[in-house]
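Asker: I'd like to ask you about the structure that follows.
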Amino acid sequence: MESAEGLELMRRDLTPGLYEEVRALWKVHSLAEDDRDIHGIMQTLTEDCVYELPQTGDRWEGHIGATQFYTLLLSAFPDIRFRLRNIVIGPQGVYEEARATATHTGDWLDFPASGNPVEFTLVIFFPYDPDSQKFTGERIHFHFAT
């Protein structure tokens, strides 16, 4: 049985204008990531955003937490590059599958720095809040191939 929150998400109408709004926000967010512009990333997020890695239980809350997430990620993988593989955009947000390549120069979570090149797959959901017209964070699943 669906929850009230799930029903609300399923009932959101997708209009061409809303599609373009969500898509444009994702592009701004992605370009800011590519530019390592943490301030620019924060402009796409609600104040109470949540970044979470469900498989590890790690969670960062608010702009302070999201900034910590990006600082940790970019310190551990300073040359990280994302190659988009799939994307779905709707009134609920954006689902993205990407392949990341990087050099693992710093500790990240429970993964000690190796100094080696790494590749991993990311599946990320960016929940969209229509009231603020921003993302409420990211739910990130990852799988290391190397």
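A short reminder: the numbers here are calculations on the coordinates, not readings from a lab. Predicted model, so just to flag it, every value in this text is computed and none were measured. Positions of Cβ are backbone-derived with ideal geometry, glycine not excepted, and every protein chain shown enters the neighbour counts.
Asker: Only one residue in Ile87, Ile124, Ile80 is under 20 Å from Gln43 (Cα atoms) and among the β-branched types (Val, Ile, Thr). Which one? Don't jump to the end; show me each part of the working.
Answerer: Details: Ile87 fails: under 20 Å from Gln43 (Cα atoms); Ile80 fails: under 20 Å from Gln43 (Cα atoms).
So the residue among Ile87, Ile124, Ile80 that is under 20 Å from Gln43 (Cα atoms) and among the β-branched types (Val, Ile, Thr) is Ile124.
Asker: How many residues, within the stretch 88-99, are of a type outside the set (Asp, Glu) and crowded, with 17+ Cβ neighbours inside 10 Å? Please lay out each step first, then the result.
Answerer: Quick first cut of the stretch 88-99, residues of a type outside the set (Asp, Glu) only: 88-95, 98-99.
Imposing the further condition that a residue be crowded, with 17+ Cβ neighbours inside 10 Å reduces the set to 89, 91-94, 98.
Here the count works out to 6.
Asker: Return the residues of the stretch 89-135 that are assigned to a loop (DSSP other than H, G, I, E, B), small (Gly, Ala, Ser) and in contact with a strand residue (DSSP E or B) (Cβ under 8 Å, 6 or more places away or on another chain); say none if nothing qualifies. Break it down stepwise before answering.
Answerer: Our first condition is that a residue be assigned to a loop (DSSP other than H, G, I, E, B); within the stretch 89-135, this holds for 91-92, 104-107, 109-110, 112-116, 130-133.
Next cut, small (Gly, Ala, Ser) only: 106, 113-115, 132.
Of everything in the stretch 89-135, those that are assigned to a loop (DSSP other than H, G, I, E, B), small (Gly, Ala, Ser) and in contact with a strand residue (DSSP E or B) (Cβ under 8 Å, 6 or more places away or on another chain) turn out to be Gly115, Ser132.
Asker: Only residues that are surrounded by fewer than 15 Cβ atoms within 10 Å (Cβ to Cβ), within 19 Å of Val28 (Cα to Cα) and either touching a helix residue (DSSP H, G or I) at 6+ places or on another chain (Cβ under 7 Å) or not charged (D, E, K, R) (or both): list them for the stretch 100-146, please.
Answerer: The answer is Pro130, Ser132, Gln133.
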